[in-house]
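Nothing in this text is a laboratory measurement; each read-out follows from the coordinates by a stated rule. Just so you know, these numbers come straight off a predicted model, no measurement behind them. Note that each Cβ is placed from the backbone with ideal geometry, even for glycine, and that neighbours are counted across all protein chains shown.
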Amino acid sequence: MNINIKATNLDLTDAIRDYINKRLSGVDKFAKNGKILTRVEVSKTTNHHKKGDVFRAEFFVEIMGVEYYAFSEVDDLYAAIDATKADIFRQITNKKDRKNTLFKRGSISIKKMIKGISDRNPFTSKY
């Protein structure tokens with residue numbers, strides 16, 4: 001897995017780099033033999049509508065041609081990284097679960113059609 005980390009208005013220390021690598025280490029399990037491209041941007045901003053420093057973490061993950069994007073703005077950098085990681089993992093698992101569900105539903109339909117229980121054509125969803 002290739003992780004590109006960019007820091008804006010913030011010094012990228014080894015602790016931050018290690019924390020991001022540790023949080024994104026679980027992404028490998030979602031790609032069986034595919035290529036994973038990961039871009040991470042952490043930044044510190046001051047917005048006029050929020051007091052103090054606001055940290056922003058953005059993750060862009062591409063797994064076998066499918067792109068996922070998440071960001072978070074919080075008062076703490078590590079909390080922003082954790083929230084963004086949770087959001088990106090939620091997106092990846094939802095996509096994986098939907099794909100598995102549709103495959104399973106189609107295979108059950110084909111099995112019924114072969115047995116003669118159903119006249120429904122699984123490819124057109126019509127009878």
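For the stretch 55-79, residues that are buried (at least 20 other Cβ atoms within 10 Å of the Cβ) and touching a Ser or Thr at 6+ places or on another chain (Cβ under 8 Å) total 5.
Determine whether the stretch 80-90 contains at least one residue that is in a strand (DSSP E or B), crowded, with 16+ Cβ neighbours inside 10 Å, free of Cβ contacts under 8 Å to residues at least 40 places away in the same chain and touching an Asp or Glu at 6+ places or on another chain (Cβ under 7 Å). The answer is no; no qualifying residue exists. If I filter the stretch 70-79 down to residues being outside any strand (DSSP E or B) and within 16 Å of Lys51 (Cα to Cα), which single residue comes out as nearest to the chain's Cα centre (by Cα)? Filtering first and then ranking leaves Leu77. Out of curiosity, is Phe55 touching a Lys or Arg at 6+ places or on another chain (Cβ under 9 Å) and more than 20 Å from Glu73 (Cα to Cα)? Here the answer is no, as Phe55 does not meet what is asked. A Cβ distance below 7 Å, combined with a sequence gap of six or more or placement on separate chains, defines the contacts here; from the stretch 20-40, residues that are touching a residue at least 40 places away in the same chain (Cβ under 8 Å) reach residues that are among the hydrophobic types (A, V, I, L, M, F, W, C) and part of a helix (DSSP H, G or I) in the pairs Ile20/Ile81; Arg23/Ile81; Phe30/Ile92.
Considering the stretch 1-69, the qualifying strands (runs of 3 or more DSSP E), each wholly inside and each with 3 or more residues that are closer than 20 Å to Gln91 by Cβ, in contact with a strand residue (DSSP E or B) (Cβ under 8 Å, 6 or more places away or on another chain) and of a type in the set (D, E, K, R), run over 54-63.
Within the stretch 99-119, is there a residue that is surrounded by 16 or more Cβ atoms within 10 Å (Cβ to Cβ) and either within 20 Å of Ile3 (Cα to Cα) or touching a residue at least 60 places away in the same chain (Cβ under 8 Å) (or both)? Checked against the condition, which is being surrounded by 16 or more Cβ atoms within 10 Å (Cβ to Cβ) and either within 20 Å of Ile3 (Cα to Cα) or touching a residue at least 60 places away in the same chain (Cβ under 8 Å) (or both), the stretch 99-119 yields no hits at all.
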